[in-house]
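Working notes for the structure below.
The values are calculated or read from the model by the stated rules, or taken from the named source; none is laboratory data. Owing to the predicted nature of the structure, the values given are computational and were not obtained by experimental measurement. When we count neighbours, we look across all protein chains shown, and the Cβ atoms used for this are built from the backbone with ideal geometry, even at glycine. For the accessible areas, the whole protein counts, side chains as well, though only heavy atoms, and no ligand, DNA or RNA atoms are used. Shrake-Rupley method; radii C 1.70, N 1.55, O 1.52, S 1.80 Å.
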Amino acid sequence: MPHARNRNPSPIPEVKWDTGLKEMNETWKGAIACLGVAVFFVMTIGIIYWQVVDQPNKNWILRGTFSGLIWERRTHSLVIQTLTEDRTYVEIDVGNVRNPDIEVPFVRNLCWLNKTEFCYTWDSVAEVKISLEVNEDAETECYSMAWTPVQCHVELKDCFSMANVSWYGGASVQGQTWPINDQNITMQPYVVSDLRDTPSGYGSPLERFFLGSSGVTVLLSPDIPLQLGVDSREQFCLKSVPSMERLPLQYTVCVAHNVKAAHQEAVQQLSEFSRELPNMKTLWMPFWKFLTNVDTGPKMERELRTFSNRLRRHQLGEGVISLNEHSTTLLSEMDHDYLNSRKRGMSKRLTRDLPLVKLLNISITLSPFLGVDTKQFHTSLTDGTEDYWLSLPSATNGKLIPVMSQWRGKFCVKLNLTNPAAVSWFLDRVESLKAHLGMEYIMLEGGEGNLFEDQALRPPLALSGDKYIELLADLATSIGDSTIMTAGTRSSHKPLFVKMTPLQSDWSPMGLRAIIPSLLHHALVGYNFLIPDAVGGSLSGDLVTDRELFIRWLEIAAFLPVISFHRPPWFYGDEQVLNLTQVYITKHQREVVPLIEKYAEEWQQTGNPIYRPMWWLSPSDPMTFTTDDQFLIGDEVLVAPVVEKGAVQRDIYLPDGDFQWQDSQSEQVFDGGTFLQDYPVPLEEVAVFLRRS
């Protein structure tokens, strides 16, 4: 019988592993646990190192043909640069949307299938969507930014750096600067207010776009309410309004090769309607403010005739006599029987002159306000036309209750411009005044502010923000192309004039120094046809006693669209002041108005401003970015007035280019790019240079 095979031929004794594991269990468990902790610790250190050290600080989010959008992780900023990274257009701080102490990668694109879009959810606070649009014809690239809160009552805030960028546009402010970098304005609703009542607010004109000297524009969404603040020399910030509706923060950033090209692209994007010219005949006539303390229509009529005769006697030419709202009311309520009785008793020679007011070229002032103590208002409460006034429904029965406010020290109600019947009533009133007084020019005041929001009331959707001013501009256009408004927003294309904010009667940045910055601001945002403040300033209403200030102010006013006077020159009892007034009115009519008319046609076709900053001719020259005491009329005339008290010389910079500049007085010729230091400008003159090819 064969032998059976040995099951364990090895000399090594057989080991039973279950017994050994039990004996070594505790030792190995400790070793493996320590190893696991070590591996986890190393991985954690690696992840932290990757996020903090190894991960690049810059991440390209979107790329165009010449520019791209970068996320800078450490500064929480979106940066638009050239693809070669040799030029920065704009830096936008978006870190305010969450805890700025926590770094966020912000690199995961949830819209990765589309190379022209970037989507991201920011820490469950807001969703952001960025879209890139390339316009190869205009050589511009635009980045549309839309931040939408994920939750209610979330504030979104984006800030645009002023480092190495001069910014322009936005809204007028008291003490206008050019550029806006030196302004300091607390965060507040971005709507038009009356700067006389709210000197720290935003005034007219106000537009929702900003322009940077690096070749960038920021176009704000037109219908979404927002707040805006300016930190001097640091940044300007946009902030959404927290609400249950989760209002977004939306804007578009466009970049171009220089500041001029960027402006032209912004104008095209904002041009929804064709541009119309106002009554250009207005430019030829000076405006004379009529100041009187009379309290009856007949006295007013006599004062007007005396004032008009005196203008003729001093050879100050045909002009427009401006009446305030009180004087307008006195004339409009003049007794018709009084006029008829005078007409019956007058001789045949004088009968042709009646009524006297119709023979004068006057401008009246109206507003959408009506006193609550007037018969018209009380009648509206009884005849069912209370909806002619801005109202809110009663909480009990839903009946409309007019909202009261104050205007010129009286309790008033305000015309409801969303009611066609109320608009027709107002237009009928204007036509009646035209028939009664024969005037051509009408100034509409009182559009500034929001009657509801000023009283913490929720406005109807059709009247939110600055929509009342837009409706008032529509009303003004219906009246005619000689209408003047004191407030403007999104109405630069309409055939209207806009009145400049009143200035102080001094040499400060709130007075004479503000004229040119304000002029450049108006023109840049599209309001070329402005009625400037009166020569010498009119904010205080007092007589300007500084003879030199009056003359220097007059010299600037001669080159503006219209010359406006608060006090006639004979008040000074100075023959030279009177003669210079005559000279500059004539100069304005013969030299300046034809130039404005020429470039008005260009503005109508292209949107290029009539009054232009120095960088318009040298858009890449940093010297031109901050020049705030010179301006161009078109491309051919440079005006450099004196704006400092006692000065008879000033520094002048002539923009560079393939052209030369000729002094209109001495006929001396200078090359472009020349800096003229202490150039002589006597008291009776203003430095004017003509471009020569």
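Expressed as an acute angle from 0 to 90° and rounded to the nearest 10, what is the orientation of the C-alpha long axis of helix 575-587 relative to the principal long axis of the chain?
Around 60 degrees separate the two axes.
How much of the accessible area of the chain, probe 1.4 Å, is carbon plus sulfur, in whole percent?
On the way: 17010 of 32730 Å².
Percent of accessible area from carbon and sulfur atoms in the chain: 52.
Here is the link list: K115/K157; K358/K598; K494/K598; K260/K645; K410/K494; K499/K645. Which ones come out longer than 29 Å on Cα distance? Please report the intermediate quantities before stating the final value.
Numbers: K115/K157 26 Å; K358/K598 32 Å; K494/K598 19 Å; K260/K645 33 Å; K410/K494 31 Å; K499/K645 26 Å.
From the list (K115/K157; K358/K598; K494/K598; K260/K645; K410/K494; K499/K645), the Cα-Cα distance tops 29 Å for K358/K598; K260/K645; K410/K494.
Need one word for the range 567-652: rounded, prolate or oblate. Basis is the Cα gyration tensor (sqrt eigenvalues a ≥ b ≥ c); a/c below 1.5 gives rounded, then a/b vs b/c decides.
Because a/c hits 1.5 or more and a/b fails to exceed b/c, the range 567-652 counts as oblate.
Compute the relative contact order of the chain as a whole-number percentage, counting only Cα pairs closer than 8 Å that sit 6 or more residues apart in sequence. Before the final figure, lay out the partial values.
Working: 1302 pairs, mean separation 67.0, N = 693.
Computed over the chain, the figure is 10 percent.
By its C-alpha gyration tensor, with a ≥ b ≥ c as the square roots of the eigenvalues, how is the range 139-262 shaped: rounded for a/c under 1.5, else prolate for a/b larger than b/c, else oblate? Don't skip to the end; give the middle numbers.
On the way: a/c = 1.84, a/b = 1.08, b/c = 1.70.
Oblate is the answer for the range 139-262, as a/c is 1.5 or above yet b/c matches or exceeds a/b.
Under a 1.4 angstrom probe, counting protein chains only, how are H257, H493 ranked by accessible area, largest first?
Working: H257 85, H493 30 Å².
The residues order as H257, H493, largest area first.
Dipole of the chain, Cα-centred, from +1 at each Lys and Arg C-beta and -1 at each Asp and Glu C-beta, to the nearest 20 debye?
1440
I'd like to know which of I180, Q264, C412 lies farthest towards the positive end of the charge dipole of the chain, counting +1 on Cβ of Lys and Arg and -1 on Cβ of Asp and Glu.
C412
Looking at the square roots a ≥ b ≥ c of the eigenvalues of the Cα gyration tensor of the chain, which shape do they give, rounded for a/c under 1.5, prolate if a/b is larger than b/c, or oblate? Walk me through the intermediate numbers first.
On the way: a/c = 3.44, a/b = 1.94, b/c = 1.77.
In terms of gyration-tensor shape, prolate.
Solvent-accessible area of M439, probe 1.4 Å, all protein chains present, reported in Å² to the nearest ten, please.
M439 exposes around 10 Å² with every protein chain in place.
Picking from S664, A473, T65, whose Cα lies most toward the positive end of the charge dipole for the chain (charges on Cβ: Lys, Arg +1; Asp, Glu -1)?
Farthest along the dipole direction, towards plus: A473.
Let me have the 222 nm mean residue ellipticity of the chain computed from DSSP H runs of 4+ only, each contributing -39500 (n - 2.57), with the sum over all residues rounded to the nearest 500. All intermediate terms of the calculation are to be shown ahead of the outcome.
Values: 13 runs with 171 residues, N = 693.
Calculated from helices alone, the mean residue ellipticity at 222 nm is -8000 deg cm²/dmol.
Heavy-atom accessible area per residue, the chain, 1.4 Å probe: how many Å²? Could the numbers behind the result be given before it?
Details: 32730 Å² over 693 residues.
Per-residue accessible area for the chain comes out at 47 Å².
Measure nothing but the geometry: give the 0 to 90° angle between the long axis through the Cα atoms of 17-49 and the longest principal axis through the Cα atoms of the chain, rounded to 10°.
On a 0 to 90 degree scale, this one is about 20.
Just going by the charge dipole of the chain, with Lys and Arg at +1 and Asp and Glu at -1 on Cβ, which of P460, M623, P205 is farthest out on the positive end?
P460
So for D466, D635, what's the accessible-area order with a 1.4 Å probe, most first?
These residues rank, largest area first, as D635, D466.
Helix 593-606 versus the longest principal axis of the chain: what angle, 0 to 90°, nearest 10, using Cα atoms?
Compared with the principal axis, the helix lies near 30 degrees.
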